[in-house]
1. What's the number of the only condition in (1) away from ligand 1 (no atom under 16 Å from the Cβ); (2) assigned to a helix (DSSP H, G or I); (3) within 22 Å of residue B:33 (Cβ to Cβ) that residue B:148 fails to meet?
2. Just give me the residues in region B:322-352 being at pLDDT 90 or above and surrounded by fewer than 14 Cβ atoms within 10 Å (Cβ to Cβ), in sequence order.
3. I need the full set of residues from region B:78-95 which are within 16 Å of ligand 2 (Cβ to nearest atom) and open to solvent by less than 30 Å² (accessible area, probe 1.4 Å), in order please.
4. Output the residues belonging to region B:151-170 that are out of contact with any Phe, Trp or Tyr (no Cβ under 8 Å at 6 or more places or on another chain), open to solvent by less than 10 Å² (accessible area, probe 1.4 Å) and in a helix (DSSP H, G or I).
5. Give the residues of region B:35-78 that are more than 6 Å from ligand 1 (Cβ to nearest atom) and either among the charged types (D, E, K, R) or in a helix (DSSP H, G or I) (or both), sorted by residue number.
6. Is it the case that some residue within region A:150-172 is more than 17 Å from residue A:244 (Cα to Cα), within 14 Å of chain B (Cβ to nearest Cβ), assigned to a helix (DSSP H, G or I) and in contact with a Gly (Cβ under 7 Å, 6 or more places away or on another chain)?
7. Pull out all pairs, ordered by first then second residue, where Cβ-Cβ is under 6 Å, the residues are six or more apart or on different chains, the first lies in region B:56-77 and is open to solvent by 20 Å² or more (accessible area, probe 1.4 Å), and the second is more than 9 Å from ligand 2 (Cβ to nearest atom).
8. How many residues are of a type outside the set (A, V, I, L, M, F, W, C) and over 14 Å from residue A:264 (Cβ atoms) if we restrict to region A:166-178?
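The values are calculated or read from the model by the stated rules, or taken from the named source; none is laboratory data. Predicted, not measured: the structure shown is a model, and the values here were computed from it. Cβ: placed from backbone, ideal geometry, glycine included. Neighbour counts: every protein chain shown. The area values use the complete protein model at the heavy-atom level, side chains included, leaving out ligands, DNA and RNA. Shrake-Rupley method; radii C 1.70, N 1.55, O 1.52, S 1.80 Å.
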Amino acid sequence: MAGLTRTGAPSTGMPGTPDAAASAAASAAAPTVTPAAPSPSGARAPRSGRVRATIAPRRATTWVILGVVGLVFLIPIASMVEFTLRATGGGYDLSHYTALLDPANAGKYAPIWRGLQGSFLLAITTVAIVLFLLAPTMILVTLRFPKLRRPLEFLCLLPLSIPAIVLVVGLAPIYLAIGRAVGTGVWTLAFAYGVTVLPYAYRAIQANLDAIDVRTLTEAARSLGAGWGSVLLKVLAPNLRVGLLSASLISVAVVLGEFTIASLLNRQNLQTALFVVNKQDPYVAVILALLALLFAFLLLLLIGRVGTAAALRRSTPRKDPT
Amino acid sequence: MTTEARVTHAETAPDARTTGSNPLVASGIDGASVSFRDVVKEYGGHRVLHGLDLDIAAGEFVSLLGPSGCGKTTALRVLAGLESPEGGVVRIGGTDVSHVPTNKRDLGMVFQAYSLFPHLTAVENTMFGLGMRKVKKAEARDRALAALELVGLRDFGDRYPAMLSGGQQQRVALARALVTEPRVLLLDEPLSALDAKVRVQLRDEIRRIQLRLAITTVFVTHDQEEALAVSDRIAVMNGGRIEQIGTPEELYRDPATPFVADFVGLSSVIPAEAMGGHATVFGARLPLRAERPDGPVEVLLRPENVRLAADGRGEPATVLESTFLGSLRRTRLRTESGVAIRMQHSADERLAFGDNVRIEVSADSLAVR
Ligand SMILES: Nc1ncnc2c1ncn2[C@@H]1O[C@H](COP(=O)(O)OP(=O)(O)OP(=O)(O)O)[C@@H](O)[C@H]1O
Ligand SMILES: [Mg+2]
């Protein structure tokens with residue numbers, strides 16, 4: 001999540017009311033620049049720098065906090081690694097890792113590969129829902145129905161407060177109908193996952209939407225002869241790249257780690273497969289859990305990278321004033 | 001009038017940077033006429049435009065001038081098709097464009113807010129509209145560079161908007177709006193975010209380019225000085241209506257309403273008695289510019305129509321404040337009868353708070369309110 005916050009701007013005001021939206025558009029001096037960029041007057045940057053210097057915790061405190069947080073995260077991971085390295089006859093070796101790739105065990109581990117396949121399919125479908133349903137909806141609300149922004153936000157953040165198990169109870173009858181209509185393929189879980197990733201995807205995209213002046217960019221493009229397709233693909237998508245990418249990556253991470261819904265709705269994904277295999281071979285389950293963790297970690301790292309790279313490129317200080 | 005203004009401007013324009021060989025200038029632009037007929041616009045039941053009527057000739061530069069919230073931007077947005085009016089007709093080049101979407105209206109638009117696409121360089125931004133019109137890449141690039149040259153930024157083509165100053169960004173936005181050779185150029189306070197010096201510079205540049213391309217231009221501003229400086233005609237708006245439309249000279253000399261008199265230029269309001277088409281102000285009997293029945297009237301005096309009088313003549317007054325403005329001084333006075341007067345005079349005459357002077361009118365006729 002650390003990477004996510006960097007991609008976004010603190011929301012400026014509440015463009016909920018048209019008046020606020022109008023005044024925001026009128027007063028925004030440099031709305032098209034990411035917030036990291038210096039304001040045209042350049043007066044803001046140094047001030048915020050000074051503030052941060054005074055309110056930041058002292059160095060020692062910083063290290064203590066980092067140490068505690070690090071331990072909380074590292075101890076379980078380290079013990080997982082230690083566990084997977086235990087040789088059957090005592091001592092440590094890589095036998096559990098090699099066993100995973102041994103063709104002789106193919107049958108035993110087959111559910112895992114199937115689960116992995118299912119999870120990837122789900123990840124792709126969920127990302128498609130985020131990119132082609134959620135993002136356009138949010139853009140539409142920003143441009144045409146600014147009054148709906150708060151309700152939409154509420155709706156999108158709602159899943160955070162609903163435990164997965166409650167969601168499943170509600171979804172079960174719906175999935176009966178879905179099963180009859182389009183089959184019980186594992187991909188149908190994407191509908192449920194589309195809901196569970198909403199809060200994360202919404203935050204990522206909204207932060208980016210707040211950082212650019214969607215309305216002015218759209219109107220500029222329209223006045224230059226762009227149809228709505230061009231506005232979305234050639235103007236908005238490139239400027240929402242960071243938000244869309246973050247939303248996609250975090251959705252992938254959430255989907256790959258999901259267990260409850262898949263299990264209760266009787267679909268096979270990576271986590272349910274791990275659960276099954278865990279009963280026969282706990283080592284392999286832990287190895288895969290570690291790999292999934294590593295994958296998620298790399299994804300988050302990528303999110304952070306994407307954010308800073310874009311911010312850097314756009315905010316390169318200009319050299320000569322007019 | 002229009003042609004007169006054009007000639008003067010063309011001659012005085014600093015033309016060093018751009019030469020006559022610029023392809024954008026050479027090809028010219030066929031400006032189209034614009035007309036608003038009884039246009040009504042409401043936001044949630046609140047009426048913002050009350051039956052707006054406005055005719056703009058092809059190639060004309062018309063400013064919409066008025067205080068904040070009077071509906072200037074709204075009028076421009078209706079013309080651009082970014083807002084749909086509740087009533088009335090908007091025509092561009094004689095055709096009703098009510099059902100033509102913005103992207104098909106063939107307009108160029110520069111916004112108050114910086115509107116360059118942040119992910120594209122200056123030249124790519126400028127090429128955008130050409131891309132939408134399916135112009136080939138190489139040709140689009142040449143034309144974009146020519147447009148950037150027109151605004152004096154040919155060497156800045158590879159910069160991203162964040163690497164340009166505010167004034168440069170607005171210049172690129174202008175180039176981007178002009179490169180497609182639109183029929184109408186719409187400018188919504190494009191200069192308001194810029195500092196005073198750049199504002200004047202870019203304002204004159206916009207006017208110069210407009211004259212060279214002969215492009216129909218609607219310029220929204222709340223700065224009367226800006227409007228006076230560049231426009232063929234000015235439409236003064238107030239509360240969603242046009243109070244008066246005319247050349248800068250007409251508006252300045254003969255404001256049709258008190259609002260226009262107040263808004264365009266500084267003026268002092270002086271109570272007087274009308275008698276047979278004349279009124280007496282500060283001891284001088286002068287003809288009224290508009291017909292009024294005999295009785296009390298209010299006449300308007302511009303600061304330059306008031307001067308210091310020789311001893312014994314004119315009206316005694318006390319200096320309230322005197323401001324040095326470089327080549328001249330502007331002084332606020334109060335006459336013995338309690339009327340507030342603004343006077344403009346040579347910087348050599350140093351007046352200070354509390355000085356007692358005598359003033360008289362230097363005009364040969366009087367504008368009536
Ligand atoms: N989207 C909107 N929804 C509701 N009211 C609006 C909207 N846009 C403008 N208005 C109202 O319409 C009126 C005219 O607005 P407009 O933007 O045309 O003013 P303006 O003359 O351009 O002012 P300024 O000089 O401040 O830009 C204002 O009272 C404004 O509050
Ligand atoms: Mg406005």
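1. (3)
2. Listed by number, the list holds a single entry, B:334.
3. Here is the first cut: in region B:78-95, the residues within 16 Å of ligand 2 (Cβ to nearest atom) are B:78-80, B:82-83.
The answer is B:78, B:79, B:80.
4. B:167
5. B:37, B:38, B:41, B:42, B:47, B:53, B:55, B:60, B:75, B:76, B:77, B:78
6. There is no residue in region A:150-172 that is more than 17 Å from residue A:244 (Cα to Cα), within 14 Å of chain B (Cβ to nearest Cβ), assigned to a helix (DSSP H, G or I) and in contact with a Gly (Cβ under 7 Å, 6 or more places away or on another chain).
7. Once the first residue is open to solvent by 20 Å² or more (accessible area, probe 1.4 Å) and sits in region B:56-77, its partners that are more than 9 Å from ligand 2 (Cβ to nearest atom) give B:57/B:33; B:58/B:31; B:58/B:32; B:58/B:33; B:58/B:216; B:77/B:83.
8. 0
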